Amino acid sequence: MAPKTNQIIYWTLFIHKNWHMYIAATSTGLCFVGSQHQTLEELTTWTKKRFPKHTFVQDPLKLQPYIQELTEYLDKKREVFTCPIDVHGTPFQLAVWDTLRKIPYGKTYSYSDIAQLIQKTKAVRAIGTAIGANPLLITIPCHRVIGKNGKLSGFRGGLAMKKELLTLEKIVL
């Protein structure tokens, strides 16, 4: 699904305890959750590449519902995100991201598991690429995907962030 043209993207710096990440949303829903401790450049680069004609407006009030759900998750008071999202990608990426949203809190799946679930058993590498393009860290829980051998593997936010999220969910590797 292609993004609408000339939309406003609202953004803010989400800060909660030791968590600092930029988040953004359109009028449709959350469209970006950044990496832990990254600069605004991560968000602006992503926005310019995917939404070049959109207006970029800092507005924490517009992001309050998303801030609340992220805060609840980080405080171990939320396991499922219910706020609307606004993600755009290829049909394959959207299928992968939708499958990631179904991974239960506190569980991990391998890339091969995801391949089986979307019935693309030979597309494990492509699944890794789609997961790497996930714009919504935490809310589309790509941190719950690990290597077939049980080891941590790539994560846009870095392996330290991935490990911290898995630890939060009481997943021991």
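Just so you know, all these numbers are worked out from the coordinates, no wet-lab data involved. All values derive from a computational prediction rather than experimental measurement. Glycine gets a Cβ as well: all are built from the backbone with ideal geometry, and neighbour counts include every protein chain shown.
Points to keep in mind about this one:
- For the chain, the equivalent ellipsoid derived from the alpha-carbon gyration tensor has semi-axes of 25, 20, 14 Å in decreasing order.
- Size of region 8-74 from its Cα atoms: along the principal axes, largest to smallest, the extents are 33, 23, 15 Å.
- Spatially proximal lysines relative to Lys62 (Cα-Cα < 24 Å; intrachain offsets below 8 disregarded): Lys4, Lys17, Lys48, Lys49, Lys53, Lys76, Lys77
- Integer Hz, Karplus 6.51/-1.76/1.60 couplings in order for region 61-73, x for Gly and Pro: 5, 5, 9, 4, x, 6, 4, 4, 5, 5, 4, 4, 4
- Net charge of Cβ neighbours under 12 Å - reference Gly106; Lys, Arg +1; Asp, Glu -1: +2
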